[in-house]
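**Student:** Below you'll find the structure I mean.
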Amino acid sequence: MGGLRSWVGSLAYGAGGTVRNLAAAAGAVVLLAMPAVAQDVRVLALGDSLTAGYGLPEARGFVPVLEAWANANGASVEIVNAGVSGDTTAGGLARLDWALAEPVDAAIVALGGNDLLRGLDPATSRANLRGILERMEAEGLPVLLIGLQAPGNYGPQFQRAFDAMYVDLAAEFDALHEVSFLGPLTEELDIGTARARYLQNDGIHPNAEGVRVIVDAIGPRVLELVERVDAGT
């Protein structure tokens, strides 16, 4: 507004100037009457290599594809890629100041895969995730918590504890919850077929087709997250 007032005030006075001033004032009224352009909802995607888009061209990674999906389905969203390959829940907690340095309206938290690969104590992973969610709560940010499901090779006690931490924490912090980042890949296919079709050669990270399947499944939860921002909850 200050720039607009300076621009109007700099016009010449006199007969011709008066006409120009009236025209400028009318134009200013029209500008002020126009509705504000809706701003994108900025969503932080805090995660590991699955979030970062490991092994894929940037445009085909999880975050850009999810952002495009959300905007094509009625949202106005910018998703900030804060995925760091190799990161654990401890790493995600440690870098929150950096991740939240720029304002965001909501957050996707998708951590725990590297904790699982390293066989870290689920109690420690739970504590780290709780720390992350406490910070998000303090910042007033709605959260979508995306989990993973542990295989049985660490034993049933580990498996139950790991799987339960996402469910319990989502309930405790009233976060939206998606059970498994990779789960959509095996909803319609057996594990062997899904691995061959949807994963890269490392057998861990989704290929471009796998990312699209994951995004189709998780996308509606992101729309719910945006609705929470719009509702102020």
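**Student:** Would you be able to say whether some residue in region 31-41 is surrounded by fewer than 20 Cβ atoms within 10 Å (Cβ to Cβ), in contact with a helix residue (DSSP H, G or I) (Cβ under 9 Å, 6 or more places away or on another chain), at pLDDT 95 or above and in a loop (DSSP other than H, G, I, E, B)?
**Tutor:** No, region 31-41 contains no residue that is surrounded by fewer than 20 Cβ atoms within 10 Å (Cβ to Cβ), in contact with a helix residue (DSSP H, G or I) (Cβ under 9 Å, 6 or more places away or on another chain), at pLDDT 95 or above and in a loop (DSSP other than H, G, I, E, B).
**Student:** Out of all the residues in region 97-112, which are over 19 Å from Val226 (Cβ atoms) and among the acidic types (Asp, Glu)?
**Tutor:** Listed by number, the list holds a single entry, Asp97.
**Student:** Could you check, for region 99-121, whether at least one of its residues is closer than 27 Å to Pro151 by Cα, touching a helix residue (DSSP H, G or I) at 6+ places or on another chain (Cβ under 6 Å) and of a type in the set (Asp, Glu)?
**Tutor:** Among the residues of region 99-121, at least one is closer than 27 Å to Pro151 by Cα, touching a helix residue (DSSP H, G or I) at 6+ places or on another chain (Cβ under 6 Å) and of a type in the set (Asp, Glu), which makes the answer yes.
**Student:** Here is a further query. Checking the conditions here, which among Glu172, Glu227 is more than 23 Å from Gly61 (Cβ to Cβ), under 16 Å from the mean Cα position of the chain (by Cα) and not aliphatic (A, V, I, L, M)?
**Tutor:** When all the criteria are applied, what remains is Glu227.
**Student:** Given the conditions (1) over 24 Å from Tyr54 (Cβ atoms); (2) in contact with a Ser or Thr (Cβ under 7 Å, 6 or more places away or on another chain); (3) of a type outside the set (D, E, K, R), report the number of the one that Gln157 does not fulfil.
**Tutor:** (2)
**Student:** Let me ask something additional. Take the conditions open to solvent by 60 Å² or more (accessible area, probe 1.4 Å), among the aliphatic types (A, V, I, L, M) and at pLDDT below 95 and apply them to Leu22. Does it pass?
**Tutor:** Yes, satisfied.
**Student:** Quick one: Val63 ticks every box in (1) among the aliphatic types (A, V, I, L, M); (2) in contact (Cβ under 8 Å) with a residue 40 or more places away in the chain; (3) in a helix (DSSP H, G or I) bar one, so which box is it?
**Tutor:** The number of the failed condition is (2).
**Student:** Mind listing whichever residues of region 81-113 are assigned to a strand (DSSP E or B) and within 21 Å of His205 (Cα to Cα)?
**Tutor:** Correct list: Asn81, Ala82, Gly83, Ile108, Val109, Ala110.
The values are calculated or read from the model by the stated rules, or taken from the named source; none is laboratory data. Note that the coordinates shown come from a computational prediction; the quantities given were computed from them, not determined experimentally. Glycine gets a Cβ as well: all are built from the backbone with ideal geometry, and neighbour counts include every protein chain shown. Heavy atoms of the whole protein, side chains included, go into the accessibility calculation; ligands, DNA and RNA do not. Shrake-Rupley method; radii C 1.70, N 1.55, O 1.52, S 1.80 Å.
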